[in-house]
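The values are calculated or read from the model by the stated rules, or taken from the named source; none is laboratory data. Values in this document were obtained by computation on a predicted structure and should not be read as measured data. Quick reminder, even Gly has a Cβ in these numbers, built from the backbone with ideal geometry, and neighbours come from all protein chains shown.
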Amino acid sequence: MSIKLGFKKSSIAFTVAFLSLAMTAQAGVVYDYIKSNNELMIATDANWAPYSYINDAGEMEGFDVDVAREIAKRMGVEARFITPSWDIITSGNWNMRWDVSVGSMTPTESRSEVLNFPAVYYYTPAGFAVHTDSPITTLAGLNGKNVCTTTASTWEMYLQGNLDMIDAPAFSYKVTPGTITSLVDGSACLDDTRLGAGVRNDGIIDSIPMLQNAIEAGYPIKFLGDPAFHEPLSIATDKGNNDPELDAEIARIIAQMQKDYTLTSMSMKWFKNADGSSNDYTIAY
């Protein structure tokens, strides 16, 4: 009795091509692959306005999206967006699922063990907010309370008391929560917070521009106290597929975008007050 194997030549060829690609990536020529494939695969958030989100037309939009598209344009390739969860992006070991993260990632000592940070492209503050009906009026009022934030984020690290940012302004821990509720993203925390003070949480910490955007969108929340800390935000690449040429090209492009005020124009477009004026929350060179 003969047994016919179900493998086709095309399947074998695909497997060989995939293994060849993986070996190429490990050899440190990811940038060459990006150029030859005419595509930059970009990981970012799908639900984090005004940085990155899917609009009503089903298209990616936001500050980080504009930055990413401009990086791809200056590389001479197309931009393709991928939206894995934040904890997967920050854990590294991407295995060629995407090439870069353009998602407002803060460089930290712990993240630097698995990721490279070739270029900081802007700075922004983090802050606390509570439901508009909350009896809490000071940051100290959140001590011992339930505070919601994004899992694997710098805001979660802050609440845990182990925020290890690299080259960031000095800060102090102003809130020591009793319970930390870590959800998939800030929008999930906002949805819980809007249910009422103390229903799902007593407060939230996130990027101030994101919280401002939520207030302008009608969420019943209000800021609490001054910014908790200011953080640098960087492009990230995977240490597992380390490519100095890719990192150098990203650094060159970001420096160019700073010099010609492209980043400034983008921040003025996306970070505005309700009256249309530019806010002071976010600094893009």
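Checking the structure you have, find out if any residue of segment 222-245 is touching a residue at least 12 places away in the same chain (Cβ under 8 Å), among the aromatic types (F, W, Y) and within 26 Å of I89 (Cα to Cα). The answer is yes, given that some residue of segment 222-245 is touching a residue at least 12 places away in the same chain (Cβ under 8 Å), among the aromatic types (F, W, Y) and within 26 Å of I89 (Cα to Cα). Exactly one residue among G144, G103, G178 is assigned by TED's automatic domain parsing to the domain that holds L211, in contact (Cβ under 8 Å) with a residue 24 or more places away in the chain and touching a Ser or Thr at 6+ places or on another chain (Cβ under 9 Å), and that residue is G144.
Of the set (1) touching an Asp or Glu at 6+ places or on another chain (Cβ under 9 Å); (2) at pLDDT below 95, all apply to G276 but (1).
Just for segment 124-171: of the residues that are among the hydroxyl-bearing types (S, T, Y) and in contact with a Pro (Cβ under 8 Å, 6 or more places away or on another chain), which one is surrounded by the most Cβ atoms within 10 Å (Cβ to Cβ)? Per the stated criteria, the residue is T124. Within segment 190-239, the set of residues being surrounded by 21 or more Cβ atoms within 10 Å (Cβ to Cβ), under 22 Å from the mean Cα position of the chain (by Cα) and of a type in the set (D, E) comprises D206, E231, D238.
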